[in-house]
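The values are calculated or read from the model by the stated rules, or taken from the named source; none is laboratory data. Just so it is clear, the model here is predicted, and its values are computed rather than measured. Neighbour counts run over all protein chains shown; Cβ positions are idealised from the backbone, glycine included. The accessibility values were calculated without ligands, DNA or RNA, using every heavy atom of the protein model including side chains. Shrake-Rupley method; radii C 1.70, N 1.55, O 1.52, S 1.80 Å.
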Amino acid sequence: MRLFLCVALTASPLCAQHSFSSSGSTYDPKIPTPRALLGYEIGEQFTSHQRMMRYVERIAAVSPRVRVDTVAHSFEGREMLVIAIGSEANIARLGEIQRDAQRLADPRNTPNGNQIADRLPVIVWLEHSVHGGEASGVEAGLALLYQLAAGTDAETRLALDSAIVLIDPNENPDGRERHVHDVQRMRGMQRPSIDGGALNNAGSWPGPRTSHYYFDLNRDWFILSHPETRGRVATFMKWWPHVAVDLHEMGSSSTFYFAPPMEPNNANNPSTLPNWFERFGIAHKEAFDEHGWSFFRREGYDSFYPGYGESWPMLTGTIGMLFESASSSGGAIRRVDGTVRTLRDAAHNHYVAEWTTVRYSAKNRGAIVRDYLAARREAIARGERAYGGMRAIVFERDHQGRGDSLAARLIDNGIEVQRLTSATELRDATLFGDTQARTARAAAGWYVVDLAQPQGNLARAILEPDAALDSAFIQRELESRRTALPDRFYDVTAWSLPYAFRVRAWTTRTLPPAMERLTTIRPEARETARGRYGYAFEPGSEASIRLLASLLRDSVRVWYAPRAFTTGSVRFPRGAFVVRAAANDTSVHSRVARQASAAGARVTPLASAGVEEGIDLGSGSVMPLTIPRVALLGGPPVGGGSFGFAWYALDQRMGFPISAIDAAYAAGNGLDNYNVLIVPSTTGGALDRALGGDAGRQRVADCVRGGGVLITLDAATAWAAGDRGVMRAKLRRDTTRADSAGGAPLPSDVPGAIARVSGDTLSPLMAGVFETDFAVLVNSDRVYTIPKDLRAGEAVVRYAPDNRLRLSGYFWPEVPARLALSPYLWTERVGRGRIIAFAGDPVFRDHWRGTYTLFANAVLLGASF
């Protein structure tokens, strides 16, 4: 009975506690305990998002130490919170603390920065469970929230006096809710199965790791594709934290990881970080030693890619750290050593690590805040001395709006962007992709990023043409490769935004004159006058793609003009689109005007089919577009990431409706309803099995021969190009040997590098892409061969010769020669239909906005030529 009363009434400090309370901890009995609010102890089961919200709201309502802000809503409508916790005195002056933090973050305008650093609490940002299935972080965060809101012991009070703790309690609510739902559906009256293959531990396709659109949000920090990330980054830049920790999980049979990270290091990181990695590492070691827990450091995880939840903060001057706790999977799982890992174990590890972080940060408040200020000053100084050979990065403001989109992306990352107010010469400019500095003529309106700014480290990291990899690290990787050891490349090695946006950019050693700073990029307001004959608009821009998609979606008849023409004073390039008024109903005028305004597209009214230059618009060469009816293949064994990237591009960027179908449906009569089938990345053997073997494969082939379009992405192209595939281009079989005696083949999987390609600008798939050369992502070991009887228009985009191929990132030594001149984008006629095959993923992570145009053309135009 006494235990029941403790639970029900939380009547005394003795009863008030949480699962991971340490000896000597005391609590305010007015703050409801986790058990009182949740109905179970933290770690006994996964907490749903709804329960988490109720828990946070109840604690915030009764604790004067807690403030809660809603910072975003996920794609599925779930609230994203940031919880600020501090002493009552600090909470009372929270606005003043935030203003001080903002002033400290820009030392240029803060001559009294040292004084601010002396009085400012250390701001600690804690991020939980960005991967939905790595769910113990949320439970640890709930325990820490109670500790900080209710704790009355001296250690908790000291922490609250010296720190503001910001808790992001659930970074990925949509993905985590999938995990909680999967586990709850398989939960019975008994304990959950500890078998790794049991359904409670296996989950459903494509797993809970990712967001609503199956994106890995731990790669999205500078890409900002998701509202979760946009809200999080915007809030981060209101507070400018000094310490940031991202809580993850790893394999169940592992232990626990914390900083220092392994190689490679991002060369743009502040010089202050290594010292703090070591110091925090010692503090975490001592805390884990008290419990007798295992852990490791300096291996397994790097911070090279700038889009992680700890690496993006590092580049702002924050001490960014990653925690990885061995996973409990569905709540309990047997490990290879025979022990059982439970949710409570994983959450307890995380709780101890982050509570140690808060206490250590508070005890070292002054030194941490002063080093943050030093890191922000260092970023400015690096730019002033043209660190890495760069004082500024200048990029073109093109008529398709890609430069505008890039500038807006940078501003959203807190990076200052300026615009040239007059034309000028850049006398020491190096064009991205070149090696020699030359004089370049820059037009008024072009964008300039001066790297001598507090966000200069981040700006350089995401803009520079090539991220530096330490030569000693590369030598060790080559030696490991020769001895059959796995490589240590954790993610892609290249991500330069000008390449990804297909924007011409230059680095300069000096700063151009005559600039004005921008705070936002506003699209131009456009109105469309009525056209007696119809309307025309250019291809290629994201606005025109969205307009075309919306017109086709609404069954407006649109024509494609394969040759350039001039009407009035407007010259249209090849690939322009024409809407004929007479071929549509009378609502076409208002529909075009409305859709153009919504898309932000420029539309020219046409008074006549006659043109001043080129072929008249009534010519038979101006062909009608077939409205695509699109199916996107999903479900096992399709890669969830590739599926999600395509789905996001179609749904969010293009605004075009599609149906997601599985392989069994496609193998039956499901394809009869569609004329375009998109197959995201998948392994060929597994896809054949999902299709039901030869009969299913033949069914897909027959649909193509009957007039359908098959679009394959990344590894799915290897399926179409295999021995039994329908493509004439084939997967290259040969490989480099380990030695001249013919040993085991060396791995040649490219770890996410950027390559130069050349395109056939006459192909409709290149509509709106006017550059002969541009950049693509290479992220696999797959290479395709071109048949000897190559036909016109088949090899639409090919990799450059080996001596010009690499633009950025790491290629194994033999890869350029193997990849050179092979196809990146291939298309061929198959009966009355067509195959359009991408060797890579043109919409990878919503990062590759420059190659999105190729994907959009494949979807919207593929059925028409």
At a 1.4 Å probe radius, carbon and sulfur cover how many percent of the accessible area of the range 90-204? 48 percent
Cα centroids of the range 389-417 and the range 484-501: how far apart, whole angstrom? 22 Å
Taking the Cβ of PRO751 as the centre, find all other residues whose Cβ is under 10 Å away and add up their charges (Lys, Arg: +1; Asp, Glu: -1). -3
Given the DSSP H assignment, sum -39500 (n - 2.57) over each helix run of at least 4 residues in the chain and divide by its residue total; what's the result at 222 nm in deg cm²/dmol, nearest 500? -9500 deg cm²/dmol
Roughly how many whole Å is it from the C-alpha centroid of the range 47-119 to that of the range 442-474? 31 Å
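Would you please put 403-413, 334-344 in order of how densely packed they are, using the mean number of other Cβ atoms within 10 angstrom per residue and starting with the highest?
Values: 403-413: 21.1, 334-344: 15.2.
Per-residue Cβ counts within 10 Å, averaged per peptide and sorted highest first, yield 403-413, 334-344.
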Given backbone amide H placed at 1.01 Å from N, residues whose amide H is under 5 Å from that of VAL71, ignoring those fewer than 5 places away on the same chain, are MET80, LEU81, VAL82
Sort 793-804, 68-79 for me by packing, meaning the mean count of neighbouring Cβ atoms within 10 Å per residue, highest on top. 793-804, 68-79
For the ranges 460-472, 218-230, what's the packing order if you count other beta-carbon atoms within 10 Å of each residue, average per peptide, and put the highest first? 218-230, 460-472
Reference-scaled alpha-carbon Rg (2.2 N^0.38 Å with N residues) for the range 330-412: 1.98
Compute the separation of the alpha-carbon centres of the range 522-587 and the range 670-722 and state it in Å as a whole number. 33 Å
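Taking the Cβ of PRO605 as the centre, find all other residues whose Cβ is under 10 Å away and add up their charges (Lys, Arg: +1; Asp, Glu: -1). Walk me through the numbers before you get to the answer.
Working: positive: ARG530, ARG532; negative: none.
Taking every Cβ under 10 Å from that of PRO605, the sum is +2.
Under a Cβ-only charge scheme (Lys and Arg +1, Asp and Glu -1), can you give me the dipole magnitude of the range 147-253 about the Cα centre, in debye to the nearest 20?
On the way: 11 positive and 14 negative charges, 56 e Å.
With only Lys, Arg, Asp and Glu charged at Cβ, the dipole is about 260 debye.
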Built amide H within the under 5 Å cut-off of ILE661, gap 5+: LEU632, LEU633, GLY634
Take every DSSP beta bridge with both residues inside the chain and express the antiparallel ones as a percent of the total, to the nearest 5. 70 percent
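First check a/c for the range 797-865, with a ≥ b ≥ c the square roots of the eigenvalues of its C-alpha gyration tensor; if it is under 1.5, answer rounded, and if not, answer prolate when a/b is larger than b/c or oblate otherwise. Don't jump to the answer; show the numbers that get you there.
On the way: a/c = 3.16, a/b = 1.63, b/c = 1.94.
Oblate.
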Compute the distribution of all C-alpha to C-alpha distances in the chain, in bins of 20 Å from 0, and list the percent of pairs in each, rounded to whole numbers. 14, 44, 34, 8, 0
